[in-house]
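Visitor: So that we are looking at the same thing, I have put the structure below in C-alpha coordinates.
The values are calculated or read from the model by the stated rules, or taken from the named source; none is laboratory data. Only a predicted model underlies this, so the values are computations on that prediction, with no experimental measurement involved. For neighbour counting, all protein chains shown are included, and Cβ atoms are generated from backbone atoms with ideal geometry for every residue, glycine included.
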Amino acid sequence: MRKTCLKCSHLNLEATGSIGEQCPKCGAIYAKVDRYVAEHGVLAVQRRPTGAAKAQPVQQEVASEETPAQGKKRTRPVVKALAVFFALVLFIVFYGEATKGPAPAQSPADTQAAGALLHCQTAIRRASRNAQRAVVPSVPQSFPLDADQYGFEWKSGSGLQLQNGFGAMLDTYATCVVSKRDLEIDWLEIGSETVVRRAK
Ligand SMILES: [Zn+2]
(Lines give C-alpha, C1' and ligand atoms only; values in the text may rest on other atoms or scores of the structure.)
Protein backbone atom coordinates (compact mmCIF):
# COMPACT_ATOMS: atom_id res chain seq x y z
CA MET A 1 0.00 0.00 0.00
CA ARG A 2 1.00 3.62 -0.39
CA LYS A 3 1.76 5.67 2.66
CA THR A 4 3.01 9.24 2.78
CA CYS A 5 4.98 10.16 5.86
CA LEU A 6 3.43 13.26 7.44
CA LYS A 7 6.78 14.16 8.93
CA CYS A 8 9.14 14.05 5.96
CA SER A 9 6.64 13.63 3.08
CA HIS A 10 8.38 10.52 1.88
CA LEU A 11 6.04 8.37 -0.18
CA ASN A 12 6.44 4.75 0.80
CA LEU A 13 5.07 2.59 -2.00
CA GLU A 14 5.58 -0.61 -0.11
CA ALA A 15 4.04 0.21 3.26
CA THR A 16 2.57 -2.78 5.01
CA GLY A 17 0.13 -0.87 7.20
CA SER A 18 1.26 -2.77 10.26
CA ILE A 19 1.16 -1.29 13.76
CA GLY A 20 4.41 0.42 14.65
CA GLU A 21 5.52 0.66 11.03
CA GLN A 22 8.24 3.22 10.50
CA CYS A 23 8.99 5.57 7.65
CA PRO A 24 11.98 4.05 5.84
CA LYS A 25 13.40 7.51 5.24
CA CYS A 26 13.15 9.33 8.56
CA GLY A 27 12.31 6.52 10.86
CA ALA A 28 9.16 8.12 12.26
CA ILE A 29 6.46 5.76 13.41
CA TYR A 30 3.50 6.44 11.11
CA ALA A 31 0.85 5.91 13.79
CA LYS A 32 2.55 8.39 16.15
CA VAL A 33 3.00 11.08 13.51
CA ASP A 34 -0.54 10.63 12.22
CA ARG A 35 -1.96 10.91 15.75
CA TYR A 36 0.11 14.01 16.43
CA VAL A 37 -1.04 15.71 13.22
CA ALA A 38 -4.65 14.77 13.93
CA GLU A 39 -4.45 16.33 17.39
CA HIS A 40 -2.36 19.40 16.63
CA GLY A 41 -3.19 20.15 13.01
CA VAL A 42 0.46 20.55 12.02
CA LEU A 43 3.72 18.97 12.85
CA ALA A 44 5.07 21.67 15.15
CA VAL A 45 8.38 20.16 16.14
CA GLN A 46 10.90 18.82 13.70
CA ARG A 47 13.45 16.56 15.27
CA ARG A 48 16.06 17.58 12.79
CA PRO A 49 16.53 21.33 12.17
CA THR A 50 17.78 20.53 8.65
CA GLY A 51 14.23 19.56 7.95
CA ALA A 52 13.20 23.19 7.41
CA ALA A 53 12.80 22.59 3.70
CA LYS A 54 11.10 19.33 4.41
CA ALA A 55 8.70 20.90 6.84
CA GLN A 56 6.84 22.67 4.05
CA PRO A 57 5.56 19.63 2.20
CA VAL A 58 4.35 18.27 5.52
CA GLN A 59 2.30 21.36 6.15
CA GLN A 60 0.86 21.26 2.66
CA GLU A 61 -0.14 17.70 3.26
CA VAL A 62 -1.88 18.72 6.47
CA ALA A 63 -3.52 21.69 4.76
CA SER A 64 -5.43 19.31 2.55
CA GLU A 65 -7.25 18.20 5.67
CA GLU A 66 -8.43 21.79 5.90
CA THR A 67 -8.49 23.36 9.34
CA PRO A 68 -11.37 25.82 9.96
CA ALA A 69 -9.06 28.83 9.53
CA GLN A 70 -7.90 27.60 6.18
CA GLY A 71 -11.45 26.89 5.15
CA LYS A 72 -12.27 30.55 5.77
CA LYS A 73 -9.35 31.67 3.63
CA ARG A 74 -10.56 29.44 0.87
CA THR A 75 -14.05 30.94 0.86
CA ARG A 76 -12.70 34.46 0.32
CA PRO A 77 -12.14 34.10 -3.46
CA VAL A 78 -15.69 32.79 -3.71
CA VAL A 79 -17.02 35.86 -1.89
CA LYS A 80 -14.96 38.08 -4.17
CA ALA A 81 -16.26 36.32 -7.26
CA LEU A 82 -19.83 36.75 -6.01
CA ALA A 83 -19.26 40.46 -5.35
CA VAL A 84 -17.86 40.94 -8.84
CA PHE A 85 -20.79 39.04 -10.29
CA PHE A 86 -23.37 41.19 -8.51
CA ALA A 87 -21.52 44.36 -9.46
CA LEU A 88 -21.68 43.22 -13.07
CA VAL A 89 -25.38 42.50 -12.87
CA LEU A 90 -26.04 45.94 -11.34
CA PHE A 91 -23.91 47.59 -14.01
CA ILE A 92 -25.77 45.81 -16.81
CA VAL A 93 -29.15 46.71 -15.32
CA PHE A 94 -28.28 50.39 -14.83
CA TYR A 95 -26.47 50.68 -18.13
CA GLY A 96 -29.44 49.11 -19.88
CA GLU A 97 -31.70 51.62 -18.14
CA ALA A 98 -29.50 54.55 -19.14
CA THR A 99 -29.29 53.63 -22.80
CA LYS A 100 -32.83 52.41 -23.19
CA GLY A 101 -34.36 53.70 -26.36
CA PRO A 102 -37.43 55.88 -26.54
CA ALA A 103 -39.34 52.89 -27.82
CA PRO A 104 -41.59 54.90 -30.14
CA ALA A 105 -43.67 51.80 -30.64
CA GLN A 106 -43.52 48.39 -28.98
CA SER A 107 -42.46 46.64 -32.14
CA PRO A 108 -39.80 44.03 -32.90
CA ALA A 109 -37.76 46.88 -34.35
CA ASP A 110 -37.28 48.38 -30.88
CA THR A 111 -33.67 47.32 -30.66
CA GLN A 112 -33.04 48.92 -34.03
CA ALA A 113 -34.71 52.11 -32.80
CA ALA A 114 -32.50 52.05 -29.72
CA GLY A 115 -29.47 51.71 -31.96
CA ALA A 116 -30.63 54.66 -34.05
CA LEU A 117 -31.07 56.75 -30.91
CA LEU A 118 -27.63 55.82 -29.65
CA HIS A 119 -26.26 56.82 -33.04
CA CYS A 120 -27.93 60.24 -32.69
CA GLN A 121 -26.67 60.71 -29.12
CA THR A 122 -23.13 59.94 -30.21
CA ALA A 123 -23.37 62.29 -33.18
CA ILE A 124 -24.64 65.11 -30.96
CA ARG A 125 -21.79 64.56 -28.52
CA ARG A 126 -19.24 64.53 -31.31
CA ALA A 127 -20.65 67.69 -32.82
CA SER A 128 -20.47 69.48 -29.47
CA ARG A 129 -17.42 71.37 -28.28
CA ASN A 130 -16.84 69.00 -25.41
CA ALA A 131 -18.10 65.48 -25.97
CA GLN A 132 -17.09 64.47 -22.45
CA ARG A 133 -19.29 67.04 -20.78
CA ALA A 134 -22.20 66.87 -23.19
CA VAL A 135 -25.42 65.73 -21.55
CA VAL A 136 -27.63 63.96 -24.06
CA PRO A 137 -30.67 62.42 -22.36
CA SER A 138 -31.52 58.98 -23.64
CA VAL A 139 -35.23 59.60 -23.69
CA PRO A 140 -35.99 62.33 -26.19
CA GLN A 141 -39.39 62.63 -27.74
CA SER A 142 -39.83 60.68 -30.87
CA PHE A 143 -41.98 62.12 -33.56
CA PRO A 144 -43.81 60.47 -36.40
CA LEU A 145 -41.99 60.43 -39.69
CA ASP A 146 -41.99 58.51 -42.91
CA ALA A 147 -42.08 54.78 -42.33
CA ASP A 148 -38.46 54.50 -43.34
CA GLN A 149 -37.05 56.92 -40.78
CA TYR A 150 -36.62 57.29 -37.04
CA GLY A 151 -37.07 60.76 -35.65
CA PHE A 152 -35.83 61.97 -32.27
CA GLU A 153 -36.30 65.36 -30.79
CA TRP A 154 -34.75 66.92 -27.71
CA LYS A 155 -36.87 69.93 -26.95
CA SER A 156 -35.56 72.99 -25.20
CA GLY A 157 -35.59 72.27 -21.47
CA SER A 158 -35.53 68.49 -21.92
CA GLY A 159 -32.08 68.24 -20.36
CA LEU A 160 -29.90 68.38 -23.45
CA GLN A 161 -26.88 70.39 -22.38
CA LEU A 162 -23.86 71.22 -24.49
CA GLN A 163 -20.85 73.35 -23.77
CA ASN A 164 -20.70 76.69 -25.51
CA GLY A 165 -17.60 78.52 -26.73
CA PHE A 166 -16.99 79.99 -23.29
CA GLY A 167 -17.05 76.68 -21.48
CA ALA A 168 -20.52 77.13 -20.03
CA MET A 169 -23.09 74.37 -20.24
CA LEU A 170 -26.13 75.58 -22.13
CA ASP A 171 -29.53 74.06 -22.48
CA THR A 172 -30.23 73.45 -26.12
CA TYR A 173 -32.47 71.52 -28.48
CA ALA A 174 -31.82 69.07 -31.25
CA THR A 175 -33.52 67.00 -33.88
CA CYS A 176 -32.12 63.81 -35.34
CA VAL A 177 -33.51 61.73 -38.19
CA VAL A 178 -32.09 58.30 -38.93
CA SER A 179 -32.74 56.20 -42.00
CA LYS A 180 -34.11 52.75 -41.19
CA ARG A 181 -32.53 51.50 -44.38
CA ASP A 182 -28.87 51.91 -43.39
CA LEU A 183 -29.20 53.37 -39.86
CA GLU A 184 -27.26 56.45 -40.95
CA ILE A 185 -28.26 59.95 -39.95
CA ASP A 186 -30.28 61.72 -42.64
CA TRP A 187 -30.59 64.92 -40.74
CA LEU A 188 -29.17 66.34 -37.54
CA GLU A 189 -29.86 69.75 -36.24
CA ILE A 190 -28.46 71.07 -32.96
CA GLY A 191 -29.89 74.36 -31.85
CA SER A 192 -30.32 76.35 -35.04
CA GLU A 193 -27.32 74.73 -36.67
CA THR A 194 -27.67 71.96 -39.23
CA VAL A 195 -24.91 69.48 -38.56
CA VAL A 196 -25.89 66.73 -40.99
CA ARG A 197 -28.09 66.96 -44.04
CA ARG A 198 -27.84 63.93 -46.24
CA ALA A 199 -28.72 64.28 -49.90
CA LYS A 200 -31.53 61.95 -50.85
ZN1 LIG B 1 9.43 10.02 7.15
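Visitor: Kindly check whether there is at least one residue in the range 138-152 that is in contact (Cβ under 8 Å) with a residue 60 or more places away in the chain and small (Gly, Ala, Ser).
Guide: Within the range 138-152, not a single residue is in contact (Cβ under 8 Å) with a residue 60 or more places away in the chain and small (Gly, Ala, Ser).
Visitor: Tell me whether the range 16-31 contains one or more residues that are within 11 Å of the ligand (Cβ to nearest atom), part of a helix (DSSP H, G or I), surrounded by 10 or more Cβ atoms within 10 Å (Cβ to Cβ) and modelled with pLDDT of 55 or more.
Guide: yes
Visitor: In addition: Going by what's in this entry, would Gly96 be described as in a loop (DSSP other than H, G, I, E, B), outside the structural domain of Trp154 (by TED's automatic domain parsing) and either touching an Asp or Glu at 6+ places or on another chain (Cβ under 6 Å) or at pLDDT below 80 (or both)?
Guide: No, not satisfied.
Visitor: Considering every residue within the range 57-71, establish whether at least one is at pLDDT 70 or above, away from the ligand (no atom under 15 Å from the Cβ) and surrounded by 11 or more Cβ atoms within 10 Å (Cβ to Cβ).
Guide: Among the residues of the range 57-71, not one is at pLDDT 70 or above, away from the ligand (no atom under 15 Å from the Cβ) and surrounded by 11 or more Cβ atoms within 10 Å (Cβ to Cβ), which makes the answer no.
Visitor: Would you pick out the residues in the range 1-13 that are touching a strand residue (DSSP E or B) at 6+ places or on another chain (Cβ under 9 Å) and either of a type outside the set (Ser, Thr, Tyr) or away from the ligand (no atom under 13 Å from the Cβ) (or both)?
Guide: Met1, Arg2, Lys3, Cys5, His10, Leu11, Asn12, Leu13
Visitor: Please list, ordered by first then second residue, the pairs with beta carbon atoms under 6 Å, 6 or more apart or interchain, first in the range 154-171 and modelled with pLDDT of 90 or more, second assigned to a strand (DSSP E or B) and of a type in the set (S, T, N, Q).
Guide: Close Cβ pairs satisfying both conditions: Met169/Gln161; Met169/Gln163; Asp171/Gln161.
Visitor: Filtering the range 117-130 down to residues that are hydrophobic (A, V, I, L, M, F, W, C) and over 27 Å from the mean Cα position of the chain (by Cα), which residue is farthest from Tyr95 (Cα to Cα)?
Guide: Step by step, filter the range 117-130, then rank; the result is Ala127.
Visitor: Restricting to the range 178-197, and then to whatever is over 36 Å from the mean Cα position of the chain (by Cα) and among the small types (Gly, Ala, Ser), can you tell me which residue is nearest to Gly115 (Cα to Cα)?
Guide: Result: Gly191.
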